[in-house]
Amino acid sequence: MKRNISDLLDSYPVEGLDLGITTPYSSSRIKELTMNKVSMNKPRKHVRPLRFLAVAAIISTLTVSALAVGHVLGAGALLQNFFAEKNGSLSDGQIQVIDQMGKTFENGVTSNGTTITPIAALADENVYYLRLQIKAPEDMILPDYDSKTDGCYQLFGPGEALELTFEDGAYSDSGYILKCDWLPDENPQDNLKEVVIWIGAQTGTDVRFNDEVSKQLTLHGLWLQTPEKEYTQILSGEFSFDITLYNDTEILSLDTAGLTWTDEEYGYTSTLENLTLSPLSLTFSYSATEPNNNRIVPYVGPLEVVLKDGSTVAISETAGMEGMEYYVFAAPLDLSQVDYVKYGNHQISLEAN
(Lines give C-alpha, C1' and ligand atoms only; values in the text may rest on other atoms or scores of the structure.)
Protein backbone atom coordinates (compact mmCIF):
# COMPACT_ATOMS: atom_id res chain seq x y z
CA MET A 1 0.00 0.00 0.00
CA LYS A 2 2.99 2.28 -0.52
CA ARG A 3 2.27 5.29 -2.70
CA ASN A 4 3.93 8.17 -4.42
CA ILE A 5 2.96 11.65 -3.32
CA SER A 6 0.93 11.97 -6.50
CA ASP A 7 -1.05 8.84 -5.60
CA LEU A 8 -2.27 10.46 -2.40
CA LEU A 9 -3.92 13.18 -4.45
CA ASP A 10 -6.19 10.63 -6.14
CA SER A 11 -9.72 10.21 -4.80
CA TYR A 12 -10.60 7.67 -2.15
CA PRO A 13 -14.04 6.15 -2.78
CA VAL A 14 -15.80 5.53 0.54
CA GLU A 15 -17.64 2.24 0.42
CA GLY A 16 -20.94 1.73 2.20
CA LEU A 17 -19.66 -0.63 4.85
CA ASP A 18 -21.34 -1.37 8.16
CA LEU A 19 -20.41 1.47 10.52
CA GLY A 20 -19.24 0.97 14.08
CA ILE A 21 -21.07 3.41 16.35
CA THR A 22 -20.70 3.84 20.10
CA THR A 23 -21.40 6.28 22.90
CA PRO A 24 -19.92 6.57 26.39
CA TYR A 25 -23.07 6.82 28.51
CA SER A 26 -22.73 3.42 30.23
CA SER A 27 -21.21 0.01 29.58
CA SER A 28 -24.61 -1.59 28.95
CA ARG A 29 -25.67 1.22 26.61
CA ILE A 30 -22.36 1.02 24.75
CA LYS A 31 -22.78 -2.73 24.24
CA GLU A 32 -26.38 -2.30 23.09
CA LEU A 33 -25.47 0.35 20.53
CA THR A 34 -22.41 -1.54 19.31
CA MET A 35 -24.09 -4.92 18.88
CA ASN A 36 -27.29 -3.58 17.32
CA LYS A 37 -25.62 -0.82 15.25
CA VAL A 38 -28.16 1.77 16.32
CA SER A 39 -27.32 5.21 14.90
CA MET A 40 -27.91 8.06 17.34
CA ASN A 41 -27.79 10.65 14.59
CA LYS A 42 -30.44 9.29 12.24
CA PRO A 43 -32.40 12.21 10.72
CA ARG A 44 -36.02 12.53 11.84
CA LYS A 45 -38.93 12.14 9.46
CA HIS A 46 -39.03 15.77 8.36
CA VAL A 47 -35.32 16.45 7.85
CA ARG A 48 -34.45 16.56 4.16
CA PRO A 49 -30.80 16.24 3.03
CA LEU A 50 -29.54 19.42 1.38
CA ARG A 51 -27.74 19.45 -1.97
CA PHE A 52 -24.43 20.99 -2.52
CA LEU A 53 -7.70 20.74 -6.56
CA ALA A 54 -5.49 22.31 -6.95
CA VAL A 55 -2.58 21.37 -4.63
CA ALA A 56 0.98 22.16 -5.60
CA ALA A 57 3.39 19.38 -4.62
CA ILE A 58 6.88 18.19 -5.49
CA ILE A 59 6.54 14.75 -7.07
CA SER A 60 9.29 12.42 -5.95
CA THR A 61 10.44 9.27 -7.71
CA LEU A 62 10.77 7.60 -4.31
CA THR A 63 7.84 5.87 -2.60
CA VAL A 64 6.97 7.32 0.79
CA SER A 65 4.59 6.53 3.61
CA ALA A 66 1.46 8.61 4.18
CA LEU A 67 3.00 9.76 7.44
CA ALA A 68 6.03 11.23 5.69
CA VAL A 69 3.82 12.82 3.06
CA GLY A 70 1.98 14.63 5.87
CA HIS A 71 5.02 16.77 6.46
CA VAL A 72 5.05 17.78 2.79
CA LEU A 73 1.36 18.23 2.00
CA GLY A 74 -0.39 18.99 5.28
CA ALA A 75 -3.87 18.05 6.49
CA GLY A 76 -5.63 19.52 3.44
CA ALA A 77 -4.00 17.17 0.94
CA LEU A 78 -4.26 14.15 3.26
CA LEU A 79 -7.98 14.57 3.96
CA GLN A 80 -9.36 16.27 0.86
CA ASN A 81 -9.90 13.01 -1.04
CA PHE A 82 -12.06 11.63 1.76
CA PHE A 83 -14.47 14.54 1.25
CA ALA A 84 -14.03 14.92 -2.51
CA GLU A 85 -15.07 11.40 -3.47
CA LYS A 86 -18.76 12.04 -2.79
CA ASN A 87 -18.78 15.78 -3.39
CA GLY A 88 -16.44 16.42 -6.30
CA SER A 89 -13.09 18.20 -6.23
CA LEU A 90 -12.50 20.66 -3.42
CA SER A 91 -11.59 24.26 -4.14
CA ASP A 92 -8.29 25.83 -3.08
CA GLY A 93 -10.26 27.69 -0.41
CA GLN A 94 -11.68 24.47 1.03
CA ILE A 95 -8.25 22.84 1.16
CA GLN A 96 -6.88 25.91 2.92
CA VAL A 97 -9.68 25.59 5.48
CA ILE A 98 -8.60 22.01 6.22
CA ASP A 99 -4.97 23.12 6.54
CA GLN A 100 -5.96 25.92 8.94
CA MET A 101 -8.28 23.80 11.09
CA GLY A 102 -6.42 20.48 10.88
CA LYS A 103 -3.15 18.93 11.92
CA THR A 104 -0.79 16.12 10.94
CA PHE A 105 0.98 13.70 13.25
CA GLU A 106 4.54 12.42 13.49
CA ASN A 107 4.49 9.11 15.33
CA GLY A 108 2.48 5.91 15.60
CA VAL A 109 2.18 3.34 18.38
CA THR A 110 3.48 -0.22 18.05
CA SER A 111 2.07 -3.08 20.13
CA ASN A 112 2.34 -6.86 19.56
CA GLY A 113 3.99 -6.23 16.19
CA THR A 114 1.19 -3.96 14.89
CA THR A 115 1.67 -0.24 14.31
CA ILE A 116 -1.26 2.19 14.24
CA THR A 117 -0.42 5.69 13.07
CA PRO A 118 -2.59 8.83 13.16
CA ILE A 119 -1.99 10.62 9.86
CA ALA A 120 -4.19 13.73 9.79
CA ALA A 121 -7.07 15.24 11.74
CA LEU A 122 -9.67 17.98 11.32
CA ALA A 123 -12.13 19.37 13.86
CA ASP A 124 -14.49 22.11 14.94
CA GLU A 125 -16.35 22.12 18.25
CA ASN A 126 -18.93 19.56 17.05
CA VAL A 127 -17.04 17.06 14.90
CA TYR A 128 -13.63 15.42 14.64
CA TYR A 129 -12.18 13.50 11.68
CA LEU A 130 -9.10 11.31 12.19
CA ARG A 131 -7.34 9.34 9.45
CA LEU A 132 -5.47 6.29 10.77
CA GLN A 133 -3.14 3.79 9.15
CA ILE A 134 -3.04 0.22 10.52
CA LYS A 135 0.08 -1.81 9.74
CA ALA A 136 -0.05 -5.48 10.70
CA PRO A 137 3.12 -7.58 11.15
CA GLU A 138 5.02 -8.03 7.86
CA ASP A 139 4.06 -11.70 7.45
CA MET A 140 0.34 -10.95 7.71
CA ILE A 141 -2.17 -9.96 5.00
CA LEU A 142 -5.16 -7.68 5.63
CA PRO A 143 -7.46 -8.60 2.73
CA ASP A 144 -10.58 -6.83 1.55
CA TYR A 145 -13.87 -8.36 2.66
CA ASP A 146 -17.31 -8.35 1.11
CA SER A 147 -19.45 -6.74 3.81
CA LYS A 148 -22.58 -8.65 2.73
CA THR A 149 -21.04 -12.12 2.83
CA ASP A 150 -17.80 -11.97 4.84
CA GLY A 151 -18.33 -9.00 7.13
CA CYS A 152 -16.25 -5.90 7.72
CA TYR A 153 -13.37 -4.59 9.79
CA GLN A 154 -14.11 -2.99 13.15
CA LEU A 155 -11.98 -1.19 15.72
CA PHE A 156 -13.82 -2.83 18.62
CA GLY A 157 -14.95 -6.25 19.81
CA PRO A 158 -18.01 -7.58 21.61
CA GLY A 159 -16.72 -7.07 25.14
CA GLU A 160 -16.62 -3.82 27.07
CA ALA A 161 -12.82 -3.96 27.44
CA LEU A 162 -12.45 -4.19 23.65
CA GLU A 163 -14.34 -1.03 22.78
CA LEU A 164 -13.00 1.97 20.94
CA THR A 165 -12.63 4.52 23.72
CA PHE A 166 -12.22 8.26 23.74
CA GLU A 167 -10.89 10.07 26.78
CA ASP A 168 -12.45 13.50 26.68
CA GLY A 169 -10.46 15.15 29.43
CA ALA A 170 -11.80 17.37 32.16
CA TYR A 171 -15.40 17.90 30.96
CA SER A 172 -18.04 17.78 33.68
CA ASP A 173 -20.66 16.52 31.22
CA SER A 174 -19.72 14.82 27.98
CA GLY A 175 -21.07 12.55 25.30
CA TYR A 176 -20.21 11.63 21.74
CA ILE A 177 -20.91 9.21 18.89
CA LEU A 178 -18.39 7.37 16.71
CA LYS A 179 -18.28 5.70 13.33
CA CYS A 180 -15.62 4.46 10.92
CA ASP A 181 -15.22 4.78 7.15
CA TRP A 182 -12.70 2.26 5.81
CA LEU A 183 -10.74 3.58 2.86
CA PRO A 184 -10.34 1.32 -0.20
CA ASP A 185 -7.08 -0.58 -0.42
CA GLU A 186 -5.08 -0.39 -3.65
CA ASN A 187 -3.22 -3.55 -2.62
CA PRO A 188 -5.46 -5.88 -0.57
CA GLN A 189 -2.66 -8.44 -0.43
CA ASP A 190 -0.43 -6.35 1.83
CA ASN A 191 -0.52 -5.67 5.57
CA LEU A 192 -1.96 -2.14 5.52
CA LYS A 193 -5.43 -0.71 6.01
CA GLU A 194 -6.58 2.89 6.47
CA VAL A 195 -9.70 4.27 8.13
CA VAL A 196 -11.26 7.65 8.88
CA ILE A 197 -12.86 7.85 12.32
CA TRP A 198 -15.69 10.35 12.67
CA ILE A 199 -16.53 11.56 16.19
CA GLY A 200 -19.55 13.78 16.85
CA ALA A 201 -20.35 15.64 20.06
CA GLN A 202 -23.62 15.00 21.86
CA THR A 203 -25.56 18.25 22.10
CA GLY A 204 -26.31 19.54 25.57
CA THR A 205 -22.87 18.57 26.90
CA ASP A 206 -19.76 20.72 27.24
CA VAL A 207 -17.43 18.58 25.11
CA ARG A 208 -15.62 20.55 22.40
CA PHE A 209 -13.33 18.88 19.89
CA ASN A 210 -11.16 21.88 19.02
CA ASP A 211 -10.36 23.22 22.48
CA GLU A 212 -7.23 22.78 24.60
CA VAL A 213 -8.62 20.03 26.84
CA SER A 214 -6.41 16.94 26.51
CA LYS A 215 -7.97 14.09 24.52
CA GLN A 216 -6.77 10.49 24.22
CA LEU A 217 -8.02 7.88 21.80
CA THR A 218 -7.43 4.26 22.77
CA LEU A 219 -7.79 1.21 20.52
CA HIS A 220 -7.34 -2.41 21.50
CA GLY A 221 -6.89 -3.99 18.10
CA LEU A 222 -8.75 -4.95 14.94
CA TRP A 223 -11.70 -7.31 14.51
CA LEU A 224 -13.71 -8.88 11.71
CA GLN A 225 -17.44 -8.50 12.30
CA THR A 226 -19.63 -10.91 10.34
CA PRO A 227 -23.07 -9.94 9.00
CA GLU A 228 -24.47 -11.94 11.96
CA LYS A 229 -22.59 -9.61 14.35
CA GLU A 230 -20.05 -12.23 15.39
CA TYR A 231 -16.54 -10.96 16.08
CA THR A 232 -13.12 -12.47 15.39
CA GLN A 233 -10.06 -10.63 16.65
CA ILE A 234 -7.42 -10.13 13.95
CA LEU A 235 -4.91 -7.88 15.75
CA SER A 236 -4.46 -7.22 19.45
CA GLY A 237 -2.56 -4.62 21.43
CA GLU A 238 -2.89 -1.37 23.31
CA PHE A 239 -2.82 1.77 21.15
CA SER A 240 -3.31 5.16 22.77
CA PHE A 241 -2.94 8.51 21.02
CA ASP A 242 -3.05 12.13 22.08
CA ILE A 243 -5.40 13.60 19.47
CA THR A 244 -5.81 17.04 21.09
CA LEU A 245 -6.45 19.54 18.30
CA TYR A 246 -6.77 23.21 19.16
CA ASN A 247 -7.76 25.73 16.54
CA ASP A 248 -9.36 29.14 16.26
CA THR A 249 -12.20 28.04 14.02
CA GLU A 250 -14.14 30.91 12.47
CA ILE A 251 -17.68 30.70 13.86
CA LEU A 252 -20.41 33.08 12.72
CA SER A 253 -23.37 33.78 15.02
CA LEU A 254 -26.31 34.71 12.81
CA ASP A 255 -29.28 36.94 13.65
CA THR A 256 -32.42 34.81 14.00
CA ALA A 257 -34.65 37.27 15.86
CA GLY A 258 -38.33 36.68 15.09
CA LEU A 259 -37.76 33.84 12.61
CA THR A 260 -40.38 31.07 12.60
CA TRP A 261 -41.54 28.22 10.42
CA THR A 262 -44.94 26.49 10.49
CA ASP A 263 -45.69 22.89 9.61
CA GLU A 264 -49.16 23.18 8.10
CA GLU A 265 -49.76 19.42 8.05
CA TYR A 266 -49.13 18.86 11.74
CA GLY A 267 -50.09 22.30 12.99
CA TYR A 268 -47.01 23.36 14.93
CA THR A 269 -44.70 26.38 14.68
CA SER A 270 -40.96 26.28 15.30
CA THR A 271 -39.03 29.35 16.43
CA LEU A 272 -35.34 29.51 15.55
CA GLU A 273 -33.55 30.81 18.64
CA ASN A 274 -29.87 30.39 17.84
CA LEU A 275 -27.83 29.72 14.71
CA THR A 276 -24.05 29.44 14.31
CA LEU A 277 -22.05 28.53 11.22
CA SER A 278 -18.55 27.04 11.04
CA PRO A 279 -16.71 25.55 8.05
CA LEU A 280 -17.69 22.06 9.21
CA SER A 281 -21.16 22.37 10.74
CA LEU A 282 -24.33 24.39 11.28
CA THR A 283 -25.51 24.49 14.90
CA PHE A 284 -28.96 25.65 15.99
CA SER A 285 -31.46 25.65 18.83
CA TYR A 286 -35.21 26.12 18.58
CA SER A 287 -38.53 25.79 20.38
CA ALA A 288 -41.83 24.54 19.00
CA THR A 289 -45.54 24.49 19.79
CA GLU A 290 -47.39 21.19 20.20
CA PRO A 291 -48.23 19.31 16.99
CA ASN A 292 -51.73 17.99 16.33
CA ASN A 293 -50.40 14.42 16.28
CA ASN A 294 -48.69 13.13 19.44
CA ARG A 295 -46.56 10.73 17.39
CA ILE A 296 -44.86 13.59 15.60
CA VAL A 297 -41.70 15.17 17.03
CA PRO A 298 -41.45 18.82 15.88
CA TYR A 299 -38.33 19.75 14.00
CA VAL A 300 -36.70 23.09 13.35
CA GLY A 301 -37.87 23.49 9.76
CA PRO A 302 -36.01 23.56 6.43
CA LEU A 303 -32.48 24.98 6.80
CA GLU A 304 -30.13 25.40 3.84
CA VAL A 305 -26.73 27.02 3.41
CA VAL A 306 -26.70 28.77 0.03
CA LEU A 307 -23.45 29.56 -1.78
CA LYS A 308 -22.76 32.56 -4.00
CA ASP A 309 -23.06 30.38 -7.10
CA GLY A 310 -26.63 29.52 -6.10
CA SER A 311 -25.96 25.94 -5.03
CA THR A 312 -26.86 24.58 -1.60
CA VAL A 313 -24.50 22.73 0.72
CA ALA A 314 -24.86 18.97 1.17
CA ILE A 315 -25.37 17.57 4.66
CA SER A 316 -23.72 14.26 5.59
CA GLU A 317 -24.84 13.89 9.21
CA THR A 318 -27.41 15.28 11.63
CA ALA A 319 -26.94 14.97 15.37
CA GLY A 320 -28.54 16.20 18.55
CA MET A 321 -31.73 16.07 20.53
CA GLU A 322 -35.03 17.90 20.24
CA GLY A 323 -34.45 21.65 20.52
CA MET A 324 -30.67 21.57 20.00
CA GLU A 325 -28.98 20.05 16.96
CA TYR A 326 -26.26 20.44 14.36
CA TYR A 327 -25.83 19.50 10.72
CA VAL A 328 -22.44 18.28 9.51
CA PHE A 329 -21.44 19.37 6.01
CA ALA A 330 -20.43 16.69 3.52
CA ALA A 331 -17.27 18.72 2.78
CA PRO A 332 -15.61 21.65 4.60
CA LEU A 333 -16.89 25.10 3.63
CA ASP A 334 -14.96 28.12 2.50
CA LEU A 335 -17.10 30.64 4.40
CA SER A 336 -16.16 33.41 1.97
CA GLN A 337 -18.25 31.57 -0.64
CA VAL A 338 -21.41 31.46 1.50
CA ASP A 339 -24.15 33.90 0.44
CA TYR A 340 -26.83 33.32 3.09
CA VAL A 341 -28.62 30.71 5.18
CA LYS A 342 -32.20 29.98 4.18
CA TYR A 343 -34.75 29.12 6.88
CA GLY A 344 -38.14 28.37 5.39
CA ASN A 345 -38.87 31.51 3.37
CA HIS A 346 -36.37 33.62 5.35
CA GLN A 347 -32.90 34.59 4.11
CA ILE A 348 -30.38 35.07 6.93
CA SER A 349 -27.54 37.30 5.79
CA LEU A 350 -23.90 36.80 6.77
CA GLU A 351 -22.89 40.38 5.94
CA ALA A 352 -23.41 41.85 9.39
CA ASN A 353 -21.66 38.99 11.17
Along the Cα→Cβ direction, 7 angstrom out, place labels at residue 189 and residue 350. What is the inter-label distance in nm?
4.9
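Report the FRET efficiency, 1/(1 + (r/R0)^6), for residue 255 and residue 218, where r is their Cβ-Cβ distance and R0 is 45 Å, rounded to 0.05. The partial results should precede the final answer.
Working: r = 42 Å, r/R0 = 0.94.
Plugging the Cβ-Cβ distance into 1/(1 + (r/R0)^6) gives 0.60.
Carbon and sulfur atoms: what percent of the 1.4 Å accessible area of segment 94-218 do they account for? Don't skip to the end; give the middle numbers.
Details: 2030 of 4670 Å².
Carbon with sulfur: 43 percent of the solvent-accessible area.
Loop-only check: which GluC sites (Glu not before Pro) in segment 282-322 are DSSP coil with at most 16 other Cβ within 10 angstrom?
Numbers: sites: 304, 317, 322; in loops: 322.
Within segment 282-322, the qualifying GluC sites (Glu not before Pro) (loop, at most 16 other Cβ atoms within 10 Å) are 322.
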For segment 322-337, Karplus-derived ³J(HN,Hα) couplings (6.51, -1.76, 1.60; θ = phi - 60°; whole Hz; x for glycine and proline) come out as 3, x, 8, 8, 8, 9, 9, 6, 5, 8, x, 9, 8, 4, 5, 9
Can you pick out the pairs among 103/308; 179/215; 86/229; 135/215; 86/148 whose Cα atoms lie more than 20 Å from each other?
103/308; 86/229; 135/215; 86/148
Let me know the charge dipole size of segment 86-235 about its Cα centre in debye, to the nearest 20, where only the beta-carbon of Lys, Arg (+1) and Asp, Glu (-1) is charged.
100
Taking H as built 1.01 Å from N, whose amide H comes closer than 5 Å to the amide H of residue 317, not counting residues under 5 places away?
328
Using 0.36 nm times the number of residues separating residue 242 and residue 171, minus their current alpha carbon distance, what extension gain do you get?
23.9 nm
Got a sec to turn the phi values of segment 134-147 into Karplus ³J(HN,Hα) couplings, 6.51 cos²θ - 1.76 cosθ + 1.60 with θ = phi - 60°, whole Hz, x for Gly and Pro?
10, 10, 6, x, 4, 8, 10, 10, 10, x, 7, 10, 7, 5
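The values are calculated or read from the model by the stated rules, or taken from the named source; none is laboratory data. Since the structure is predicted, the reported quantities are computational estimates derived from the model, not experimental observations. Glycine gets a Cβ as well: all are built from the backbone with ideal geometry, and neighbour counts include every protein chain shown. Surface accessibility is based on the protein's heavy atoms, side chains included, excluding ligands, DNA and RNA. Shrake-Rupley method; radii C 1.70, N 1.55, O 1.52, S 1.80 Å.
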